[in-house]
Amino acid sequence: MTYPVSNQARTLPDVLVPDQSGTTVWWSNIKREGEWVLPRIFRAFTFMGNVELDLMSARMGSGVSEIDIRCILANVEIRVPPDVRVLCDGDGLGGSFEVVRIGEAAPLLPDAPTLRVTGAAYLGSVTVKVIGQVGPGLMEKLKAGWHALNT
């Protein structure tokens, strides 16, 4: 399991951030997670495959980093921590290109790193999940209520 890092620990000096990188997936799966460095431009092409990019513990440069996606009959999922600003500018043709916010989001700092997601999904799905602080689940709420009744 990866744990989110603070905004200051997430941001790297510009000399340590690569200019570009990417991945090509045909009929398979690729997953990037843990501590890795997101380049300024990351390109992903997938055809009938699956791409998972977990940025919860990733390092990135200050300013804007871009993920450019071409998704054909495939699925792309990007997990983003709540302290990163997300701009989504993608198109879906018979597919979806969306941002989903899960949990409570904290206010962003003015110098927060920015992730710009662009590209297109053709009969596929691109989902950017911004994972915030998640509150107690149903079982925790039931236990708390049961405990309150018995005291």
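Some values worked out for this structure:
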| quantity | calculated |
| --- | --- |
| Selected residue (criterion: nearest to Gly92 (Cα to Cα)) from residues of segment 124-151 that are modelled with pLDDT of 75 or more and of a type in the set (A, V, I, L, M, F, W, C) | Val126 |
| Glu77 vs. criteria crowded, with 16+ Cβ neighbours inside 10 Å, part of a strand (DSSP E or B) and either in contact with a strand residue (DSSP E or B) (Cβ under 9 Å, 6 or more places away or on another chain) or of a type in the set (S, T, N, Q) (or both) | yes |
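The values are calculated or read from the model by the stated rules, or taken from the named source; none is laboratory data. Here the structure is a predicted model, which is why all the values come from computation and not from measurement. Here Cβ is always computed from backbone atoms with ideal geometry, including for glycine, and neighbour counts include all displayed protein chains.
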